[in-house]
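Asks: Dropping a structure here in structure tokens format, bear with me for questions.
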Amino acid sequence: MTRGPSALHRLPAGAKLAALAAGSLGLILVDSLPGVLAALGLVAAGYAAARISPRLAWEQVRPVALLVAILFGAQIWMIGLEPAAVVALRVVVLVALAGLVTLTTRAGDLLATIERAAHPLRGVGVDPARMALVLSLAIRGIPVLADVSRRVQDAQRARGRRDVRAYAVPVVVGALRRADAVSEALAARGRAD
Amino acid sequence: MTESVTSTAPASTAPAPTRPAAVAAQVGTFAALIAVFGVAGTIPVPGLLVPVTLQTLAVMLAGALLGPRRGAAAVLTLLALAAVGLPVLSGGRGGLGVFVSPSAGYLLGWVVAAFVVGLLVDRSVGRRGRLAFWPVLVACLVGGIGALYAVAIPILALVTGMDLAAAALANIVYLPGDALKAVLAASVTVGVARAYPAVLTHRGF
């Protein structure tokens, strides 16, 4: 239904999330080096099919690169070279696969999928409509609170203070004030009551 | 920052704390607050597996100031934003990868941590709405460290193939930082309650 640069982009978000979940569970069962390398090749083929540049692909795994290196180094001594490589590569494959889903799916589609997935939770008191409201309030709150945070930091810097408490208290009070203001605005428009 | 009350609604002076709109506003705003704290206070320590951030401080604050259910809901909301790829986690991280990386347990642990902190702070908030430093500190230590590690360590072990003892040992490097954050969280909670007393009456289960 949505246009995208590749077949992977056009797949429904729900299908991709399900595939990611299945893939991450299935990967636990793969414990040989050829198996993990095959999985890595499969994910790399996915990146190629989605026409993602190697640089952008690297950006996906870069946050765990250092960690994987440390893990690999430490595990060589404990479990041997090949098992250590399997464990380390498994983390790389998982993170790369998740990155592939993130890169080929729009945030709005994922949010809609989460909301749809929450429908069966109605029985335990989860209201999907209210969940959507909370998510959009959170997204809209970030720039507002980032602005409050910046102003408090500037004021601190002007006074030469670098104290976590002196930063956090005014920012949290700012957040509470905003929550009250938003709540009144919602009530005035008859939303969510 | 003081809002001028111009609303014509009868309850315009103070929104009732249990109204769904008030709850949605609190939960959404605190999810945003946790995101902002992650950007404001990243302290990268070379060689550590997870960056030391103020984000866990904000998680403890969510539980302490909003209560167990709303605090945990604020964390879940933040995680949903991270899952759809928004860079709301410290260091601008986001995307589904964070949920399959070795530090995924800390993210899930936050939900439990906020809930436990909120539950324990609930017991120390009197009907008069007073809050003392020490009970909040205990709540932050038990919830923000005890409950967090109880979730994070087994998942770290599972993802990396380490045994539980090794994972617990790898985790010890965070203990000083987390203990400091618990002290800060308690101090900030008491400071916020003093500066904005309505937070205690607006607090919900």
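Where a number appears in this text, it was derived from the coordinates with a stated rule and is not lab data. Everything quoted here is computed from the prediction, not taken from an experiment. Note: ideal-geometry Cβ built from the backbone for every residue, glycine included; neighbour counts use all protein chains shown.
Asks: Where does the charge balance sit around residue A:82 when Lys and Arg score +1, Asp and Glu -1, over other residues with C-beta under 15 Å from its C-beta? Kindly include the intermediate steps, with their values, before the conclusion.
Replies: Details: positive: A:90; negative: A:31.
Neighbourhood net charge equals 0.
Asks: Can you put A:115, A:184 in order, fewest other beta carbons within 10 Å first? Each step should come with its number before you reach the end.
Replies: On the way: A:115 15, A:184 23.
If I rank by nearby Cβ atoms, fewest first, I get A:115, A:184.
Asks: Any idea what the relative contact order of chain A is, in percent, if you count C-alpha pairs under 8 Å spaced at least 6 apart?
Replies: Relative contact order of chain A: 19 percent.
Asks: With a sphere of radius 10 Å drawn around the Cβ of residue B:114, what net charge do the other residues whose Cβ falls strictly inside it have (Lys, Arg +1; Asp, Glu -1)?
Replies: Values: positive: B:69, B:70; negative: none.
Cβ neighbours under 10 Å give a net charge of +2.
Asks: If I model a spin label at residue B:138 and residue B:179 as a point 7 Å from the Cα along the Cα→Cβ vector, what separation in nanometres do I get?
Replies: Label-label distance for residue B:138 and residue B:179, simple model: 1.9 nm.
Asks: Another one. In deg cm²/dmol and to the nearest 500, what is the mean residue ellipticity at 222 nm of chain A if only DSSP H runs of at least 4 residues count, each as -39500 (n - 2.57), divided by the residue total? Write down the numbers at each step before the final one.
Replies: Values: 8 runs with 155 residues, N = 193.
One gets -27500 deg cm²/dmol as the mean residue ellipticity at 222 nm.
Asks: Separate question: Residue B:158 to residue A:10: FRET efficiency via 1/(1 + (r/R0)^6), r the Cβ-Cβ distance, R0 45 Å, to the nearest 0.05?
Replies: Numbers: r = 34 Å, r/R0 = 0.75.
Efficiency for this residue pair is about 0.85.
Asks: Same structure, new question: Output the 0 to 90 degree angle, nearest 10, between the alpha-carbon long axis of helix A:128-158 and the longest principal axis computed from the alpha carbons of chain A.
Replies: For helix A:128-158, the angle is close to 80 degrees.
Asks: Please list, in order, the residues from the stretch A:95-136 whose amide nitrogen is less than 18 Å from a point placed 7 Å along the Cα→Cβ vector of residue A:66.
Replies: none
Asks: Taking the highest mean first, how do the peptides A:85-93, A:20-28, A:48-56, A:8-16 order by number of other beta carbon atoms within 10 angstrom per residue?
Replies: On the way: A:85-93: 21.1, A:20-28: 14.2, A:48-56: 12.6, A:8-16: 16.6.
Packing order, densest peptide first, comes out as A:85-93, A:8-16, A:20-28, A:48-56.
Asks: Based only on the alpha carbon positions, what is the Kirkwood hydrodynamic radius of the stretch B:20-202, in angstrom? All intermediate terms of the calculation are to be shown ahead of the outcome.
Replies: Values: mean 1/r = 0.0615 Å⁻¹.
By the Kirkwood definition, the hydrodynamic radius is 16.3 Å.
Asks: Would you please put B:60-70, A:68-78 in order of how densely packed they are, using the mean number of other Cβ atoms within 10 angstrom per residue and starting with the highest? Intermediate results must be reported in sequence, preceding the final value.
Replies: Values: B:60-70: 28.9, A:68-78: 15.4.
Taking the mean over residues of other Cβ atoms within 10 Å, the ranking is B:60-70, A:68-78.
Asks: Taking 0.36 nm per residue of separation and subtracting the Cα-Cα distance, what length does fully extending residue A:147 through residue A:21 add? Show your work: numbers first, answer last.
Replies: Details: separation 126, 0.36 × 126 = 45.36 nm, distance 3.67 nm.
Residue separation times 0.36 nm, minus the Cα-Cα distance, leaves 41.7 nm.
Asks: What FRET efficiency comes out for the pair residue B:198/residue A:37, r = Cβ-Cβ distance, R0 = 45 Å, nearest 0.05? Could you put the intermediate results ahead of the total?
Replies: Values: r = 59 Å, r/R0 = 1.30.
FRET efficiency, residue B:198 to residue A:37: 0.15.
Asks: Take the alpha-carbon positions of the stretch A:119-188, form their convex hull, and give its projected area averaged over all directions (one quarter of the hull surface) in nm².
Replies: Numbers: hull surface 24.6 nm².
That works out to 6.2 nm².
Asks: What is the stretch A:1-93 by shape, rounded, prolate or oblate, if you read a ≥ b ≥ c off the alpha carbon gyration tensor as root eigenvalues and call it rounded for a/c under 1.5, prolate for a/b larger than b/c, and oblate otherwise? Intermediate results must be reported in sequence, preceding the final value.
Replies: On the way: a/c = 2.66, a/b = 1.88, b/c = 1.41.
Prolate, because a/c is 1.5 or more and a/b exceeds b/c.
Asks: Tell me, what ³J(HN,Hα) does each residue in the stretch B:110-116 have, in order and in whole Hz, if you take phi through Karplus 6.51 cos²θ - 1.76 cosθ + 1.60 with θ = phi - 60° and put x for Gly and Pro?
Replies: 4, 4, 5, 4, 4, 5, 5
Asks: Here's something else I'd like to know. Taking beta carbons within 10 Å but only from partner chains, what does the mean come to for residues A:71-81?
Replies: On the way: counts 7, 0, 0, 4, 4, 0, 0, 4, 2, 0, 0.
Per residue, the number of nearby Cβ atoms from other chains is 2 on average.
Asks: Which residues' amide hydrogens lie under 5 Å from the amide hydrogen of residue B:53, considering only partners 5 or more residues apart or on another chain, with H built in the peptide plane?
Replies: B:43
Asks: How far apart, in nanometres, would the label points at residue A:126 and residue A:106 be if each is projected 7 angstrom from Cα along the Cα-to-Cβ direction?
Replies: 2.4
Asks: Shifting gears a bit: Using the Cβ atoms and a cut-off under 12 Å, what net charge is assigned to the surroundings of residue B:65, where Lys and Arg are +1 and Asp and Glu are -1? Let's see the in-between values first.
Replies: Numbers: positive: B:70, B:203; negative: B:122.
Here the charged neighbours net out to +1.
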